[in-house]
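Asks: Pasting a structure below so you can have a look.
The values are calculated or read from the model by the stated rules, or taken from the named source; none is laboratory data. Fair warning: this is a prediction, and the values are worked out from it, not measured in the lab. Neighbour counts run over all protein chains shown; Cβ positions are idealised from the backbone, glycine included. Side chains are part of the model used for accessible areas, which takes the heavy atoms of the whole protein and leaves out ligands, DNA and RNA. Shrake-Rupley method; radii C 1.70, N 1.55, O 1.52, S 1.80 Å.
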Amino acid sequence: MTRIPELEQQLVAAAERLRSPRRFARPVLRAALAVGVGAVVLGLAVVVAGPDDGARREQPAGASPVPPTADREGAPEPFIPERQRIARTANRWARNFIYADPEDCTYMTQPACERLSCVRVGARPVPNCTPPSPAYRLSFARERVRDVEIRGNRAAARFSNGEVVELERVSGDELDGVWWITKWDRNAGRGFFE
Amino acid sequence: MSAVWDAAPDERLLATARAEPAAFGAFYRRHEDRVLGYFLARVGDPEVAADLMAETFAAALASAHRFRPRKEPASAWLFGIARNNLAMSRRRGRVEARARRRLGMAPLVLTDESMERIADLDPTTLALVDELPGDQQEAVRARVIDERDYADIAKDLRCSEAVVRKRVSRGLGALRANLEDK
């Protein structure tokens, strides 16, 4: 007899589920789906780009509309212009943000994440911190990035609801840099779109 | 539950955990007390300790297929997961539940009987470890409770293996003396 037999039962049941054939089929289905989505995206890109793709690839400097980028998790990633990379990161972040999971720090720097959970490393509370209200979180539902403004290693992305988030290039350069959200509250992006 | 697996080595239990769920049950039974004791000594609360243990074993099950036998025992791998889990939970200010969510496990609700059995786990020795001086405490915990090897501990504590051995030896001596006093 173990001390917590109910936990042993749960673990054995979880191991059973891992063994089930559905589990084996899932990665195959996922891979097939990724290939399918990749093919569709590639086809669309060829049709949309046309013969003068090179001229359209980078958008002009300054705040300009950014077409919403499709998420293609699992598909091989071709070169993506910096503005679209920023827009994509912000769009994905917004999708996570509305689900209100304070544990999920994806696409955020550590300070931005601490500001979300109001807890610092070592379980210390962040002083004068108020977690975002559900209404504020939900204001990002179905919103997409419309404008992106880049200034060196910093950038701001404005959503269709007018909310602005600030980002920072955390690695790489203009060609393959990775951008993360550094500010997402009302103070984010000050001076970027004025 | 299957007693067949109770005699199998840890490495085999982990290698077959996904094919034979009972094997992971045996792995859990074998390490339950030590993992629970590890968390109890650090958080003090039986329910939090049980929650941390549930997450640790769930993470172990989820990554059992990636486990590769090494020089260290499989328990060192398990305690590595436990340490990470504790550190991550402290950082976040709440017990992690990702592995359990991924495996579709329901939140752990302890029965009164389970709570009693957890309370029976004698924390005397573990409490005495807390009374040791800081350097000895760290060394004894790492060596005796977590079963890590001296070289690994020395690297962590930034000192030589000889110093770690001396600290463990002194710490165990002090523990023995304290237990005799009680």
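Asks: Scan segment A:135-194 residue by residue and report those that are under 17 Å from the mean Cα position of the chain (by Cα) and among the aromatic types (Phe, Trp, Tyr).
Replies: Answer for segment A:135-194, where residues must be under 17 Å from the mean Cα position of the chain (by Cα) and among the aromatic types (Phe, Trp, Tyr): A:Phe140, A:Phe159, A:Trp179, A:Trp180, A:Trp184.
Asks: Residues that are within 11 Å of chain A (Cβ to nearest Cβ), of a type outside the set (S, T, N, Q) and over 11 Å from the mean Cα position of the chain (by Cα): does segment B:73-87 have at least one?
Replies: yes
Asks: Against the conditions (1) closer than 29 Å to B:Met88 by Cβ; (2) outside any strand (DSSP E or B); (3) out of contact with any helix residue (DSSP H, G or I) (no Cβ under 6 Å at 6 or more places or on another chain), where does A:Arg142 fall short? Just the number, please.
Replies: A:Arg142 satisfies every listed condition except (1).
Asks: Another question about this same structure. Hey, can you tell me all the residues within segment B:1-35 that are under 19 Å from B:Gly80 (Cα atoms) and open to solvent by less than 30 Å² (accessible area, probe 1.4 Å)?
Replies: B:Asp10, B:Leu13, B:Leu14, B:Ala17, B:Phe24, B:Phe27, B:Tyr28, B:His31, B:Glu32, B:Val35, listed by residue number.
Asks: Starting from segment A:4-29, keep only residues that are facing chain B (nearest Cβ under 7 Å), then list their pairs with residues that are at pLDDT below 75 and surrounded by fewer than 16 Cβ atoms within 10 Å (Cβ to Cβ) whose Cβ atoms are within a distance under 9 Å, requiring at least 6 positions of separation or different chains.
Replies: Every condition considered, the pairs that remain are A:Glu8/B:Met1; A:Val12/B:Met1; A:Arg17/A:Arg23.
Asks: Give me a count of the residues in segment A:97-152 that are surrounded by 16 or more Cβ atoms within 10 Å (Cβ to Cβ), among the basic types (Lys, Arg) and either within 14 Å of another protein chain (Cβ to nearest Cβ) or closer than 15 Å to B:Gly93 by Cα (or both).
Replies: 2
Asks: Looking at segment B:102-115, which of its residues are assigned to a helix (DSSP H, G or I), within 10 Å of chain A (Cβ to nearest Cβ) and surrounded by fewer than 20 Cβ atoms within 10 Å (Cβ to Cβ)?
Replies: B:Arg102, B:Glu113, B:Met115
Asks: So in segment A:161-180, with the set limited to residues that are in contact with a strand residue (DSSP E or B) (Cβ under 8 Å, 6 or more places away or on another chain) and hydrophobic (A, V, I, L, M, F, W, C), which one is most open to solvent (accessible area, probe 1.4 Å)?
Replies: My answer is A:Trp180.
Asks: Quick one: which of B:Val35, B:Val48, B:Val95 is outside any helix (DSSP H, G or I) and touching a residue at least 24 places away in the same chain (Cβ under 8 Å)?
Replies: Only one candidate qualifies: B:Val95.
Asks: Count, please, the residues in segment B:142-153 that happen to be part of a helix (DSSP H, G or I), farther than 12 Å from B:Val163 by Cβ and either among the β-branched types (Val, Ile, Thr) or modelled with pLDDT under 80 (or both).
Replies: Here the count works out to 2.
Asks: Considering only segment B:166-182, state which residues are modelled with pLDDT of 80 or more and either among the acidic types (Asp, Glu) or in contact with a helix residue (DSSP H, G or I) (Cβ under 6 Å, 6 or more places away or on another chain) (or both).
Replies: B:Arg167, B:Val168, B:Arg170, B:Gly171
Asks: Out of segment B:7-32, which residues are within 12 Å of chain A (Cβ to nearest Cβ), farther than 25 Å from B:Arg94 by Cβ and part of a helix (DSSP H, G or I)?
Replies: B:Leu13, B:Leu14, B:Pro21, B:Ala22, B:Ala23, B:Phe24, B:Gly25, B:Ala26, B:Phe27, B:Arg29, B:Arg30
Asks: Sticking with this structure for a sec: Can you work out which of the residues in segment A:157-194 that are of a type in the set (Lys, Arg) and touching a residue at least 24 places away in the same chain (Cβ under 8 Å) is nearest to A:Ile80 (Cα to Cα)?
Replies: A:Arg158
Asks: Let me ask another. Mind checking which residues of segment B:14-30 are under 17 Å from the mean Cα position of the chain (by Cα) and among the hydrophobic types (A, V, I, L, M, F, W, C)?
Replies: B:Leu14, B:Phe24, B:Ala26, B:Phe27
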